[in-house]
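What follows is one structure encoded as structure tokens, with my remarks underneath.
The values are calculated or read from the model by the stated rules, or taken from the named source; none is laboratory data. Bear in mind that the values here come from a model prediction, so they are computed numbers and not experimental data. Glycine also receives a Cβ, built like all others from the backbone with ideal geometry; neighbour counts cover every protein chain displayed. Areas reflect the complete protein model, heavy atoms only, side chains present, ligands, DNA and RNA absent. Shrake-Rupley method; radii C 1.70, N 1.55, O 1.52, S 1.80 Å.
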Amino acid sequence: RMQRLRGRLARSGSLGKAVLAVLSRGNLSEADWEEIEDTLLSADVGLAATDEIMERLRTEVKVRGDVSPVEAQQILKQELLAAVGTDMDRSLHLDKAEGPAAILVVGVNGTGKTTTVGKLARVLRAQDKTVLLGAADTFRAAATEQLATWGQRVGVDVVSSEREGGDPASVAFDAVKEAKERGIDVVLVDTAGRLQTKATLMDELGKVKRVMEKQGPVDEVLLVLDATTGQNGMRQAEVFGQVVGLTGIVLTKLDGSAKGGIVISVQKELGVPVKFVGLGEGPDDLAPFDPESFVDAIVG
Ligand code: GDP
């Protein structure tokens, strides 16, 4: 896993290399520090976290005097790790006490929601849990079909609407109901992420969550966020947080992004931990987010 994460995050590695190159120059000028700052910002670390990291880097370097390349690496790792956070609870909280554990997956279209639902089903099946999928993205023509394909691929059933444009809340309701009747461990509900109007989305997603809650608590609300869309994607994401309340983030397409710093900024802005990362399009390309291997991958 670690090896794979390293490989897939190769582009994010440019962040570590660039910062280390400057740190090892010794006797850093203001221009050098600005270069480090620019590197962090362009890797989507975000303004607030960049300020914190800069401050701590400056202090460390001041205290130690000039640092060797090895020391520079240690310091950068230490500060990035602190920024990512090692004490957050990143596990899924799945409670079966009142019927199936329920996971609602939300996010803007194209971020990788459906793919993530498929991969998550795979992860849960590998833990010997029984899983049922709900195709509550009834608006995108291909979405239901796409989820059905994922269902076949990972060997789980999918509850969907008879017709395109059906009521997403009724699909979500049916999925939870069927999971309950069949004694399924976890029900995963995929949703639509059209952002034309905030009000429509609010109505629709709010309703999906409420009908699920009629049959028991929704244990996890996971926001799927595309790492390659950066700060822009994050602003859209805030809307979802307001509507349904998030318990975690799945950061997709980290394999194709040089902007690994978004892990840090997204947690800071949305106030919830990154729980999984998407590292490719295949069924096994979802990994629990591990701060240590992530920082190792970035810093080398
Ligand atoms: P949705 O509209 O949010 O449901 O998005 P989809 O699940 O249809 O995914 C959109 C595209 O992103 C598809 O081509 C996926 O294969 C691709 N995708 C999803 N997750 C990842 C990932 O972690 N890495 C890469 N490289 N591609 C991904």
Give me the percent of accessible area attributable to carbon and sulfur for the range 221-267, probe 1.4 angstrom. 47
Can you tell me how the range 122-277 classifies by the Cα gyration tensor, rounded, prolate or oblate, using a/c under 1.5 as the rounded cut? prolate
Determine the gain in length on full extension of the stretch GLN231-LYS17; use 0.36 nm per residue of separation and subtract their C-alpha separation, reporting nm with one decimal. 74.8 nm
Rounded, prolate or oblate: which fits the range 167-237 when a ≥ b ≥ c are the square roots of the eigenvalues of the alpha-carbon gyration tensor, with rounded for a/c under 1.5 and prolate only if a/b beats b/c? prolate
The simple spin-label model distance between GLN242 and LEU81, using points 7 Å out along Cα→Cβ, in nm, is 3.8
In the chain, with Lys and Arg counted as +1 and Asp and Glu as -1 at Cβ, which of these residues, LEU23, GLY183, GLY165, has the Cα nearest the positive end of the dipole, that is, farthest along it? GLY183
As I understand it, the value is the acute angle between the Cα axis of helix 168-182 and the longest principal axis of the Cα atoms of the chain; what does it come to in degrees, rounded to 10? 80
Take the Cα pairs of the range 1-152, get the Kirkwood Rh, then feed it into Stokes-Einstein at 25 °C and 0.890 mPa s and tell me D in µm²/s. 128
Among all lysine pairs in the range 206-298 that are eight or more places apart or on different chains, how many have alpha carbons less than 26 angstrom apart? 7
Highest average packing first - 287-298, 21-32, Cβ atoms within 10 Å: 287-298, 21-32
Multiply the residue gap between ARG163 and ALA126 by 0.36 nm, knock off their C-alpha separation, and tell me the result in nm, one decimal place. 10.1 nm
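Restricting to DSSP loop positions (anything but H, G, I, E, B) with no more than 10 other Cβ atoms inside 10 Å of their own Cβ, which GluC sites (Glu not before Pro) remain in the range 105-184?
Counting only loop positions with at most 10 other Cβ atoms within 10 Å, the GluC sites (Glu not before Pro) in the range 105-184 are GLU162.
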Volume of the Cα convex hull of the chain, divided per residue and given in Å³: 116
Beta bridges per DSSP with both ends in the chain, % antiparallel, nearest 5: 10
Would you mind checking the range 64-101 for residues with the amide N under 13 Å from a putative spin-label position 7 Å along Cα→C-beta of ASP32? 64-69, 72
To the nearest Å², the heavy-atom accessible area per residue of the range 158-225 with 1.4 Å probe amounts to 44
Tensor-based shape of the range 244-300 (alpha-carbon gyration tensor, a/c under 1.5 rounded, otherwise prolate or oblate): oblate
Treating the angle as unsigned and between 0 and 90°, give the value, to the nearest 10°, between the Cα long axis of helix 13-23 and the longest Cα principal axis of the chain. 20
Only Lys, Arg (+1) and Asp, Glu (-1) charged, at Cβ; the range 10-68 dipole about Cα centre in debye: 320
Which loop trypsin sites (Lys or Arg not before Pro) in the range 119-224, with loop taken from DSSP, have no more than 15 other Cβ atoms within 10 angstrom of their Cβ? ARG163, ARG194, LYS214
